[in-house]
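Take a look at the structure below.
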There are 2 protein chains.
Amino acid sequence: MPEQAGGAAASTAGASRREELLRIAADLFATKGFRNTTVRDIADAAGILSGSLYHHFDSKESMVDELMRTFQAELFAAYDDILASPDDARSKLERAVRLSFETIERRGAEVAIFQNEAATLGQLERFGYLAERNRQSRDVWVSLLTEGVETGALRADLDITLTYRFIRDTVWVAVRWYRPGGPHTTTAVADQYLTILLDGIAKDHDHA
Amino acid sequence: MPEQAGGAAASTAGASRREELLRIAADLFATKGFRNTTVRDIADAAGILSGSLYHHFDSKESMVDELMRTFQAELFAAYDDILASPDDARSKLERAVRLSFETIERRGAEVAIFQNEAATLGQLERFGYLAERNRQSRDVWVSLLTEGVETGALRADLDITLTYRFIRDTVWVAVRWYRPGGPHTTTAVADQYLTILLDGIAKDHDHA
DNA sequence: CACTCAACCAAGCAAGTGCTTGGTAGGGTA
DNA sequence: TACCCTACCAAGCACTTGCTTGGTTGAGTG
């Protein structure tokens, strides 16, 4: 009788049922939005009834909560790795950029959810850590850029704050159009962006 | 008796009540999202009851529809101006970038709504023109970039499609953080972005 | 003065929403 | 055999949501 199986159920074999449901929810949150996704949507996609979700999770809210917490923990561990490395500023900046595009590939749903829902969810006390993570992230980029300017690797006339925002916007909003398995690899995308970011799109006449 | 006036009512004096309500709705759609904004939210902000909105509009959906149609018409008229100008490719590209940031200042709510809801709304037949406008916009940027490469103003090794996406993402997503009356003018923001986009953030050692 | 009309109110309906409650099936374990 | 535990079902409650309907008000207009 339980041979319904809506759609994306039998994918992750070894994972627990709970993780399986979380992934289904993540994909729906990412594509339809959190508020716009009903518990019945999630249940349908999993092939169960909506009430059965509450055997695994306290609430719909705690599903995003768990998704965001684990995602942020993973991401900032990677940031820490970069910051702790002995590389020069330019190399670390490059690594940070590449990390973003790779994260979009590996954790696309989580990135999309964070991009689209952080402002709304952040108003709830429970999700206060999202704003805190935002500050942390800004500090990472600003310190890398500042170090780059101070060591002479980057131009001295940059507005660090604006530059940070431009970079952050571009590397994360790419989640809207980047598709794993599509025409571009994350490496190709990162290469092209780093080329533009570092040297610009204008033809350098003085070199020709 | 009608001295309720929730909040942002008595702003546009000469405007008709209808336009006033549209603006209130636009601000709410932009900050809370379309689906996440209820007709009661809009009515409260206008100081009336939710049912009274239906004296002015057919539905909540037709409110966004009207907002998006007039916005797109205005924006693409400006694009056409740029395309029709006799300037060289680099100047036209600069104008297109500046136009985006200025549009964020003048029509911030509409830009935010389009950025956040186009994917969701676009699935409805009624909003099919949003996808069409997206294609038009891409064509504008791609043709400007292509002309730039062909005339030698831009580097020949650019991936036009990726470059287009990077530029589009950065100039439009700025609506998330740019605040009119804040620390930066649109001109300052556009100047800084054009500097980075054209010449990059790396220090050019060959010039020193 | 009779009439019109834009703008609104008061009340409520039908559909959808998150979540609860009490129960069941079936595999493992003492 | 008796027990337990995970994963689920069936039904429904309380609330929110977009929208409808019939009526009211007050500023005009012939």
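A few comments on the model shown:
- Shielding by other protein chains, B:148-158, mean Cβ within 10 Å: 3
- Net charge contributed by nearby residues that have their C-beta within less than 15 Å of B:D139 (K/R +1, D/E -1): +3
- Nearest-20 debye value, the protein assembly as shown charge dipole, Cβ charges on Lys, Arg, Asp, Glu: 900
- Axis between A and B by rotation; chain A residue with nearest Cβ and distance in whole Å recorded as A:G200, 2.
- Cross-link reach is defined here as a Cα-Cα straight distance under 21 Å, omitting same-chain residues fewer than 8 places apart; for B:K92 the lysines meeting it are A:K203.
- A:N36/B:A156 FRET efficiency (R0 56 Å; Cβ-Cβ; nearest 0.05): 0.80
- Among the chymotrypsin sites (Phe, Trp or Tyr not before Pro) found in the range A:153-208, those both in a DSSP coil and sparsely packed, with 16 or fewer other Cβ atoms within 10 Å of their Cβ, are A:W177.
- Distance from the alpha carbon centroid of the range B:142-171 to that of the range B:16-51 works out to 39 angstrom.
- Label point 7 Å beyond Cα along the C-beta direction, distances from A:A156 to other copies (nm, shortest first): 3.5
- What the Cβ-Cβ distance of A:L124 and A:H55 gives, at R0 = 25 Å and to the nearest 0.05, is a FRET efficiency of 0.55.
- Protein accessible area in the range B:60-199, 1.4 Å probe - carbon and sulfur %: 48
- In this structure, B:A77 and B:R17 have a Cβ-Cβ separation that, at R0 = 22 Å, corresponds to a calculated FRET efficiency of about 0.25.
- 5 angstrom amide H check on A:L154, placed H, neighbours 5+ away: A:V149, B:K203
- Label-to-label distance, A:D199 versus B:E132, with points set 7 angstrom from Cα along the beta-carbon direction: 4.2 nm.
- Helical contribution to [θ] at 222 nm, DSSP H n ≥ 4, -39,500 (n - 2.57), averaged over the protein assembly as shown, rounded to 500: -21000 deg cm²/dmol
- Net charge over other residues, Cβ less than 9 angstrom from the Cβ of A:S85 (K, R count +1; D, E count -1): 0
- Charge context of A:A73, other residues only, Cβ under 12 angstrom, K/R +1, D/E -1: -1
- Site pair A:D88 and B:D88 shows an inter-label distance of 3.3 nm when each label is modelled 7 Å from Cα along Cα→Cβ.
- Pairing chains B and A buries close to 4100 square angstrom of accessible surface in total, based on protein heavy atoms and a 1.4 angstrom probe.
The values are calculated or read from the model by the stated rules, or taken from the named source; none is laboratory data. Bear in mind the structure is a predicted one, so any value in this text is a computation, not a measurement. No Cβ is skipped: glycine too gets one built from the backbone with ideal geometry, and neighbour counts run over all protein chains shown. For accessibility, only protein heavy atoms count, side chains too; no ligands or nucleic acids. Shrake-Rupley method; radii C 1.70, N 1.55, O 1.52, S 1.80 Å.
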